[in-house]
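Have a look at the structure below, then the notes.
The values are calculated or read from the model by the stated rules, or taken from the named source; none is laboratory data. The shown structure was predicted, so the numbers you read here are calculated from the model rather than taken from an experiment. Quick note on the areas: whole protein, heavy atoms, side chains included, nothing else; ligands and nucleic acids left out. Shrake-Rupley method; radii C 1.70, N 1.55, O 1.52, S 1.80 Å.
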Amino acid sequence: MNDDAALAPVPVPHSPGGARRTLRLDAAEALRLLGSVPLGRIVFTRRALPTVRPVNHLVHGGDIIVRTHDDTELAVLALSGAADDGRGVVVAYETDDIDVDARLGWSVVVTGFCRLVTDPAEAARYRAAIRPWTDRALDQVVRIRPDLVTGVRQVAAD
């Protein structure tokens with residue numbers, strides 16, 4: 001790709017009705033919206049650098065539950081973080097629903113501690129409830145306990 005082409009001005013479509021405004025979401029509404037979509041992105045540290053992976057999730061009891069595979073860095077970190085101090089490893093989780101044409105929608109970011117779900121019956125229930133987007137075997141289940149929940153919604157201005 002030509003670098004100059006990437007710098008060309010992009011026409012900005014106007015949303016129906018014109019102007020927009022940004023609303024801050026409270027934690028309850030942000031988690032409700034997060035639970036309304038099946039896919040998000042988990043961010044964790046790998047070799048001292050941020051790593052982002054798309055994963056399916058569900059929200060249960062205020063926690064975010066995701067499936068991952070056995071040999072993933074995330075599963076190893078979640079297990080070792082829980083062993084180190086019992087709290088888990090710090091992660092961020094992001095999901096959104098944005099209409100790129102209208103430039104309306106919402107985005108939610110959760111920061112919290114991630115731990116491996118070690119109870120076999122509980123892990124089996126979550127595995128049955130979360131349908132992975134990938135064809136890889138996702139045998140491990142991790143739980144994110146939200147510590148900080150933020151979100152914004154872009155809406156048409158009245």
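Taking amide H positions as placed 1.01 Å from N in the peptide plane, with prolines and chain starts having none, which residues 5 or more places from residue 141, or on another chain, fall under 5 Å of its amide H?
Those qualifying (amide H under 5 Å, at least 5 residues apart or on another chain) are 68, 117.
Using a 1.4 Å probe, how large is the accessible area of residue 45, given in Å² and rounded to the nearest 10?
Answer for residue 45: close to 80 Å² accessible.
Given H placed on each backbone N at 1.01 Å, which residues far from residue 25 in sequence or on other chains put an amide H within less than 5 Å of it?
Sorted by chain and number, the residues that satisfy this are 151, 152, 153.
List, in order, the whole-Hz ³J(HN,Hα) value for each residue of segment 87-102 obtained from phi through the Karplus relation with A = 6.51, B = -1.76, C = 1.60 and θ = phi - 60°; use x for Gly and Pro.
With coefficients 6.51, -1.76 and 1.60, one gets 8, x, 10, 6, 9, 10, 9, 10, 8, 7, 8, 10, 8, 5, 6, 7 Hz.
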